[in-house]
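The values are calculated or read from the model by the stated rules, or taken from the named source; none is laboratory data. Please read these numbers as outputs of a predicted model, since none were measured by experiment. Ideal geometry is used to build each Cβ from the backbone, glycine not excepted, and the neighbour counts take in all protein chains shown. Heads up: the accessible areas ignore ligands, DNA and RNA and are worked out on the full protein's heavy atoms, side chains in. Shrake-Rupley method; radii C 1.70, N 1.55, O 1.52, S 1.80 Å.
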Amino acid sequence: MKTTDMTVSAIQQRVDCLPARMTAKGIAKPVVNFCVNANASLSVDAHWYAGAGYTDFKSKHFKGDTPDAALLEFEAWVASLPSIEEARRAEFMAALGKVIDMGRETGVEVEFVNPLVETMKRLSENAITHQPLAA
């Protein structure tokens, strides 16, 4: 099928799959729309809540000259998102980094901060080599 000849049904099928793909990557409550607007490119738009509650609203928009082009852009973005495990590890490492910085800034004794620094170092090395941590 030529990309310019996509049927509404074919577009709907592709759009219907996108929220599940986003949820599989850890995005909560995604809503995906395919938009045809006058005098503008076609677009795929997504909206979701990124934090607890309903206060951290996020959105992403992709445009294309054909339905396939817009959908391919959006699908590539979803595919590039980290897995839930990778996102959780990154969130944990960021929080751990803040705790280490806070410990240093407030003068927490070295014997409390150093084990955190070592943990951060091991997590960073583990992320690079993709080896699961020994329990």
Which residue pairs have Cβ atoms closer than 6 Å, lie 6 or more positions apart in sequence or on different chains, and pair a first residue in the stretch 86-112 that is free of Cβ contacts under 8 Å to residues at least 40 places away in the same chain and in the same structural domain as Ala24 (by the TED database) with a second residue that is open to solvent by less than 100 Å² (accessible area, probe 1.4 Å) and assigned to a helix (DSSP H, G or I)?
none
Give the residue, chosen from Ile100, Ile27, Ile84, that is under 30 Å from Lys121 (Cα atoms) and touching a strand residue (DSSP E or B) at 6+ places or on another chain (Cβ under 7 Å).
Ile27
Restricting to the stretch 79-114, name every residue that is farther than 26 Å from Ala46 by Cα and either open to solvent by less than 40 Å² (accessible area, probe 1.4 Å) or hydroxyl-bearing (Ser, Thr, Tyr) (or both).
Met93, Leu96, Gly97, Ile100, Gly103, Thr106, Val113
Please go through the stretch 32-78 and pick out each residue that is at pLDDT 95 or above, more than 14 Å from Ile11 (Cα to Cα) and surrounded by fewer than 14 Cβ atoms within 10 Å (Cβ to Cβ).
Ala76
Just one of the numbered conditions (1) assigned to a loop (DSSP other than H, G, I, E, B); (2) in contact with a Lys or Arg (Cβ under 9 Å, 6 or more places away or on another chain) is not true of Gly107; which one?
(2)
